[in-house]
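Here the structure comes first, spelled out in structure tokens, and everything after it is commentary.
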Amino acid sequence: MPKITRKINGAIIVFTLVSLLMNVVFDYFAVRKILSETYDTFLTQIAYTGASYFKGDKLEQYARDGLKSDEYKDTLIKLANLTENTDISFLYVIIPEMPDCKYKTYVFNVVNTKLRNKFNPYHAGYREDTSNESAARFRRLMEKGGFEIDSSIFSHAGARTRISLALRDSNGKKVGVICVEKQFETISSVLRGYVRLDLLFAPIVSLLFFICFGTFISKKFVKPIVSITREADGFASHDAHFSDKLKEIHSNDEIETLARSIEKMGIDIQVYIKDLMRVTSEKERIGAELSVASGIQAGMLPKNFSPYPDHHGIQLYASMIPAKEVGGDFYDFFWTGKDKLWLVMGDVSGKGVPAAMFMVIAKALIRNEATLEYEPSEICERVNDQLCAENEQGLFVTCWLGCVNIKTGQMKFANAAHNPPVLYDGDSYKFLEQKSGIMLAAIEGSKYVQHEIQLKKGSRLFIYTDGVTEAQNKNGALFGESLLLGALAKTAALSSKETVQLVNKEVERFAGGADQADDITVLSFELDEVGEETNAGASTDSEKYLVVAADDAELQRVTDFVRSFAPQDITPDEANKIDLAVEEIFVNISHYAYENGGDVEIVCKKLAERKISVAFKDSGIEFDPLAKGDPDFTESVETRKLGGFGIYLTKKFMDSVSYERQDGKNILTLVKTFA
């Protein structure tokens, strides 16, 4: 017998037995409820009727005089007639002895004549002990009034229902209890007969049902399902083919639909196996080509990190860990001239071969423009326009580009929406302050801000892509900038190579085995030595200078130059004040000093540990901005003269502001002490 047949037969038997049991139980409780509700209502009405035959004020007199009183006799006859006519078993009236009702005194006690052979009525005034259960019931009625129903339709003591009703005198005082009770001698036997009948015929009916239903299920469902199961089980051993047995199933229902579907599935699987073999072969070919592409890409990234025998004062190391076989991140470093070292870090949108191809183009364009002696900001602008021209795929690349003069320590850089590098100034690692432009290949004609800072001996630069800070662990948390700074804080005594290796290990440890979602690319650069100053912009620890055109376009360069000389840990408020003061002085010179253009020389000097001076020198027309007094803020806005507010704020922000005319030059000097 098939397993499914045994399971169906077993399910039918269990279902039948459970249904039989539930039917008997349901009928039992249904009969019990009907009888209880019917007789409870009936006896309650009788109790109220019996209570209406006498007055509660005379209960004690009735209990004392009994049959001596004609009124008592008349009442007793009425109660007896009520008992016989309604076929109740007992009706009695008692006076419970308060407060605990342990004793009761009978006033009336009527027994149905059908029960006189078993029970004799008590005479008026008969005093009797009360059971604990009855005492509790009487006490509740004497205290609260009303009535109580006590049903035991199917108890072991026999079927009965009893109604107890509290009686009151004319003043409303509770003076006694009337009880009406009905016994059902035939109920238990009827119930037992009913249950026996149920248990006798139900199995016979269930057996007939089992035979008929089981035969129908076996022919209609089991046999077709067994055929389908055997065909499916032997599918693999018959070279993915089915026999003709599935075609013999014609049940005109879902089972026939299943048989046809399995037949079609067999055909589809045969086609799928052929396609899978073809795709697997193609995937192996593509995998081999990607392996070659990965090798080519890796070969395009510089791997020799000490190829410069003329420059022993630098350390350089980088790595790129692609998220796929080939990635979109790239780094580069190369020389233009004897002393200019270019550092490049980029991240192409997307992954895989398209991103890698776009990376190759962007990297080649950047290197080519750098060899033409363009500034970093100009390189970003020119490369952006070239990438926008033929960018049908809509790719873009973030890029950080910097040029370090190894001899002077001066570094110029521009940022195209890339992560800010981290600078180590000998004290701590901090993110490099900068203004970022839009990513390359996004909008043609975009402009980029050029920054300039002064590196010194021991300065370090750590450049990275967002694959580092956005690396995720299995909980979805990001590595983030704070953990990056924490990792770099451990590298103060390490080489550039050891720094790169430590950061990569920290990212891997944080990920904890989670899948790598993005390329991870890092570059570490350290300037161990700085050559002698030979051109404008060179500096010592106590003084440096810069010469620029008197043009608003040079403002950012001047601001970065002054900020690079200030202590690195100044507060945002102090940084804002020095920036505003520098802007006020430089913009005034660029607008008013020259008629046909000229230069401005900015000289920064260190006067004390945290005190600097910044002197602006120009050869324009003689002008002393301090000669004019401060604005009068007591005047109204309408009458106050315009001008003078910028130099007023400059004097407020600085420790001192002084002017002198020397050798045909205007010299305005700012002095600032930082907290």
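The values are calculated or read from the model by the stated rules, or taken from the named source; none is laboratory data. Source: prediction; values computed, not measured. In this analysis, Cβ positions are derived from the backbone assuming ideal geometry, glycine residues included, and neighbour counts consider all displayed protein chains. To get the accessible areas, we keep the full protein, side chains included, count just its heavy atoms, and leave off ligands, DNA and RNA. Shrake-Rupley method; radii C 1.70, N 1.55, O 1.52, S 1.80 Å.
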Quiz item: How many nm is it between the label spots at His591 and Ala575, if each spot is 7 Å from the Cα in line with the beta carbon?
Solution: 2.6 nm
Exercise. Take each of the peptides 44-56, 267-279, average the number of other beta-carbon atoms within 10 Å over its residues, and list them starting from the highest.
Key: 44-56, 267-279
Practice problem: Can you send over the carbon and sulfur percentage of the accessible area for the range 78-160, probe radius 1.4 Å, protein chains only? | Solution: 48 percent
Practice problem: Please state, as a whole number in µm²/s, the translational diffusion coefficient that the Stokes-Einstein equation yields for the range 46-140 at 4 °C and 1.567 mPa s, with Rh defined as the Kirkwood radius across alpha carbon pairs. | Solution: 93 µm²/s
Exercise. May I ask you to compute the full-extension gain from Val18 to Phe209, defined as 0.36 nm times their residue separation minus their alpha-carbon distance, rounded to one decimal in nm?
Key: 67.3 nm
Quiz item: Given a 1.4 Å probe and every protein chain left where it sits, what share in percent of the accessible area of the range 333-478 is carbon and sulfur?
Solution: 50 percent
Exercise. Could you grab the relative contact order for the range 374-451? Cα pairs under 8 Å, six or more apart, rounded to a whole percent.
Key: 41 percent
Practice problem: Determine, for each peptide in 485-496, 560-571, the mean count of other beta carbons within 10 angstrom over its residues, then list the peptides with the highest first. | Solution: 560-571, 485-496
Quiz item: With the Cα gyration tensor of the range 545-675 giving a ≥ b ≥ c as the square roots of its eigenvalues, does the rule (a/c under 1.5 for rounded; else a/b larger than b/c for prolate; else oblate) give rounded, prolate or oblate?
Solution: oblate
Practice problem: Which order do the peptides 585-597, 396-408 take when ranked by the mean count of other beta-carbon atoms within 10 Å per residue, highest first? | Solution: 396-408, 585-597
Quiz item: Considering only DSSP beta bridges with both partners in the range 333-491, what is the antiparallel share in %, to the nearest 5?
Solution: 95 percent
Quiz item: By its C-alpha gyration tensor, with a ≥ b ≥ c as the square roots of the eigenvalues, how is the range 485-530 shaped: rounded for a/c under 1.5, else prolate for a/b larger than b/c, else oblate?
Solution: prolate
Quiz item: What is the extension gain from Thr371 to Thr113, computed as 0.36 nm multiplied by their sequence separation minus the C-alpha to C-alpha distance, in nm to one decimal?
Solution: 79.8 nm
Quiz prompt | Accessible area expressed per residue, the range 576-620, with surrounding protein chains retained (probe 1.4 Å, Å²) | solution = 48 Å²
Quiz item: Roughly how many Å² is the accessible area per residue of the range 364-429, as a whole number, for a 1.4 Å probe?
Solution: 38 Å²
Quiz item: Modelled label-to-label distance, Ala389 and His250, 7 Å Cα→beta-carbon offset: nm?
Solution: 7.5 nm
Quiz prompt | Of Ala417, Phe396, Leu432, farthest towards positive along the dipole that unit charges on Lys, Arg, Asp, Glu beta carbons give the range 392-441 | solution = Leu432
Quiz item: Tell me, what is the per residue accessible area of the range 44-101 in Å², probe radius 1.4 Å?
Solution: 52 Å²
Quiz prompt | Spin-label pair Glu609/Asp70, simplified geometry with 7 Å Cα→Cβ offset, distance in nm | solution = 13.1 nm
